[in-house]
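To start, the structure under review is shown below, and the notes come after it.
The values are calculated or read from the model by the stated rules, or taken from the named source; none is laboratory data. Source: prediction; values computed, not measured. Cβ placement follows ideal geometry from the backbone for every residue including glycine, while neighbour counts extend to all protein chains displayed. Surface accessibility is based on the protein's heavy atoms, side chains included, excluding ligands, DNA and RNA. Shrake-Rupley method; radii C 1.70, N 1.55, O 1.52, S 1.80 Å.
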Amino acid sequence: MAQKRCCMPIALLLAVAPAFAGGVASFTSEHSARGVTYNMMFAPPLANPQDGFGMAVADLDNDDDLDLVLLGRIDGLVGVYENNGVGVFTNRSTTSGIPATTAGCGVSAFDYDRDGDLDLFIAQKNQPSRMLRNNGGFQFTNVAAAAGVEESLPATGCSVVDFDGDGWLDLHLCTYSTAVRNRLYRNLGNGTFADVAPALGVDSAGLSYTSVWSDYDRDGWPDLCVSNDRGFATVPNQMWRNVAGEFTDVSAPTGIDVSLCSMGIACADLDGDARPDYYFTNVPDPTPPLNGVNPLLLGSASGAFTRAEGPWGVSHLKFSWAAIFWDFDNDADLDLYVNNESLPNTLYRNPGAPPMTDIASAAAVTGTANTSYVSMVGDLDRDGDLDLVVNNYGGAVRLYMNQEGQQRKWLRLRVAGEGRVRHAIGASATVQAVGPKGAQPAPQWREVLCGGNGYLAQGDMALHYGLGNAKGVQSVVVRWPAGGAVRTLTNVPINAAWAVYPPSRLGDVDGDGAVNLADWTPFAAWGLGPLAAGREMLDFDGDSDVDASDLSAFWSRASLRRGDMNGDGAVQADDLAALLSVWGSSGSTADFDLDGVVGAADLAALLSNWG
């Protein structure tokens, strides 16, 4: 029954997705050529053993490309690498101000203080966690003590979301202990956090490795899923339903409470029904009830999950850690990458319907011979496909650059948060493409995740959509989390990266919370026309251009009166003089109707607001 349900939208997808022919262009290993020379230790210190070192791809300097944060060098140096925009990196590690660590586990990059840039949280195994405030220029300050998160715990993975809808991002931290319980740090909005896990009933006593916040019941509130090791002897995997910041344990009713040696979590909509599915990694031993398979749990409208690893061909039966759902080939369906401890890594390619097939060898992404724990994905070179970063013990962190995805169409969306917050973690977006002959493939639904879909690592928080050979995108429906706004965009240009802003940010070019002269000045310089990157907040009606209707909406929202040239709140003689001084010119703030010239209509607008 589950297979029939999952395959119906995929069958529709085949109307526009290229047929799977079995061939694949190999990834190319380019870490050295691209300036990333970060060598992992062969094993963690015996005094403090741990399972892998985390990493992150994140835009640390707000220039719309992905930088790198890497852990695991024998001297503890945290790798910080700046992307130049096309995937060539400059090493900023020694000047970052981040203290060295040989115990770093989970990594999250999120804007905890809402100042517009991504800060870093590094969970350390049995050493104090670190909250690293981003000072700009790839320099950070550890504020964990002041923030209230400097606990020494058997910490592992971490994940981030605004679980209570108060506008501040909260942090879930897993602990590998039945005595030391998981933390849920609520962000108090004043630079500090408080652990509310016991009060809210989410202080799991399992051997937790990682967690993910995903809206499994599609009610607009992010729910919490936790992966627990040795679940058949301690605590199985867990799910808490979140409604307005209050939690209910639904592990058993949903069927998420599988008992296994659960490590990483891949989380995304694999089967195309606009609900998250989960894939948990495992150890290939004969312990019941799973007997070593990696369970794939498909979500449903009822809220219950159905096991489907067999039909999908991903039972695996290898000692595995990270698992990532991603559309590496841009054919409009999700593939699966798995890190294996002592065997080559696995890349399951999705041909459009189950089962998947392992093509890691052909794609040249099996990794090195040493133990492999952690991977992450993101478009490092901004060419429209997802690249792969893998760290194996005893060797260099590898950048595997994608050569296959560029053969097909794509779309990248950064869903912006409120104010200056760059990522609306917990938001979702549904893309409806248009096929080459007008056919309508199945829509693609994605969530903005910070943590999860991997193990100890954070991938790109922008949403990536492979579009196969679609000729365009008919609509994008974006839903902000915690009962937030909904926007529909139309005719979105493809093969491009766009930002999508909530209604509260429209017209606010500089993100300062007001629409005024500081926003009108660049608007006047840009003028009207097709949508361009960096100007998406001016497309009020979401039709992918900036036209007269958007101009009208801007003036309706602005606190600035047309004619107030200096923004002092009054239209008077000095404003008139300023307008007359640029009479007949273009690109001036005095061109209030953006018709390309300062003339009589602009003078009339000024005089109508006189005084």
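Need at least 1 residues that are open to solvent by less than 10 Å² (accessible area, probe 1.4 Å) and of a type in the set (G, A, S) per element, so show me which strands (runs of 3 or more DSSP E) inside the stretch 182-248 make the cut, counting only ones lying wholly within it.
Working: elements: 183-187, 193-195, 207-214, 223-229, 238-243.
Filter on the stretch 182-248 gives 207-214, 223-229.
In the stretch 492-529, of all residues being part of a loop (DSSP other than H, G, I, E, B), open to solvent by less than 30 Å² (accessible area, probe 1.4 Å) and on the phi > 0 side of the Ramachandran plot, the one that is modelled with the lowest pLDDT corresponds to G511. If we scan the stretch 293-304, do we find a residue that is open to solvent by 10 Å² or more (accessible area, probe 1.4 Å), free of Cβ contacts under 8 Å to residues at least 12 places away in the same chain and over 22 Å from the mean Cα position of the chain (by Cα)? Looking through the stretch 293-304, at least one residue is open to solvent by 10 Å² or more (accessible area, probe 1.4 Å), free of Cβ contacts under 8 Å to residues at least 12 places away in the same chain and over 22 Å from the mean Cα position of the chain (by Cα). The condition (being open to solvent by less than 50 Å² (accessible area, probe 1.4 Å) and more than 27 Å from the chain's Cα centre (by Cα)) is satisfied by just one residue among D550, D568, D539: D550.
Of all residues in the stretch 295-353, which are among the basic types (K, R) and in contact with a Leu (Cβ under 8 Å, 6 or more places away or on another chain)? Steps first, please.
Step one: list which residues in the stretch 295-353 are among the basic types (K, R), which gives 307, 318, 349.
Scanning the stretch 295-353 gives R307, K318.
Mind listing just one residue for me: the one in the stretch 427-440 that is of a type outside the set (S, T, Y) and open to solvent by 20 Å² or more (accessible area, probe 1.4 Å) and, of those, modelled with the lowest pLDDT? Before the answer, list the steps.
Taking the stretch 427-440 as the starting set, the residues that turn out to be of a type outside the set (S, T, Y) are 427, 429, 431-440.
Okay, now just the ones that are also open to solvent by 20 Å² or more (accessible area, probe 1.4 Å), so 432, 434, 436-440.
Details: Q432: 98, V434: 95, P436: 86, K437: 82, G438: 77, A439: 82, Q440: 88.
Looking at residues that are of a type outside the set (S, T, Y) and open to solvent by 20 Å² or more (accessible area, probe 1.4 Å), I get G438.
Restricting attention to the stretch 389-423, the residues that are open to solvent by 10 Å² or more (accessible area, probe 1.4 Å) and among the hydrophobic types (A, V, I, L, M, F, W, C) add up to 3. Inspect all residues belonging to the stretch 575-586 and state whether any of them is open to solvent by 30 Å² or more (accessible area, probe 1.4 Å), at positive phi and not in a helix (DSSP H, G or I). Yes, the conditions are met somewhere in the stretch 575-586.
Reported count of residues in the stretch 540-565, each being part of a strand (DSSP E or B) and touching a helix residue (DSSP H, G or I) at 6+ places or on another chain (Cβ under 9 Å), is 1. Of the residues A482, A532, the single one that is crowded, with 17+ Cβ neighbours inside 10 Å and either of a type outside the set (D, E) or in a loop (DSSP other than H, G, I, E, B) (or both) is A482. Looking only at the stretch 412-451, count every residue that is in contact (Cβ under 8 Å) with a residue 60 or more places away in the chain, within 10 Å of the chain's Cα centre (by Cα) and part of a loop (DSSP other than H, G, I, E, B) and tell me the total. The number of residues fulfilling the criteria is 6.
Quick check on G87: is it open to solvent by less than 10 Å² (accessible area, probe 1.4 Å), outside any strand (DSSP E or B) and at pLDDT 95 or above?
Details: open to solvent by less than 10 Å² (accessible area, probe 1.4 Å): yes; outside any strand (DSSP E or B): yes; at pLDDT 95 or above: yes.
So G87 passes the test.
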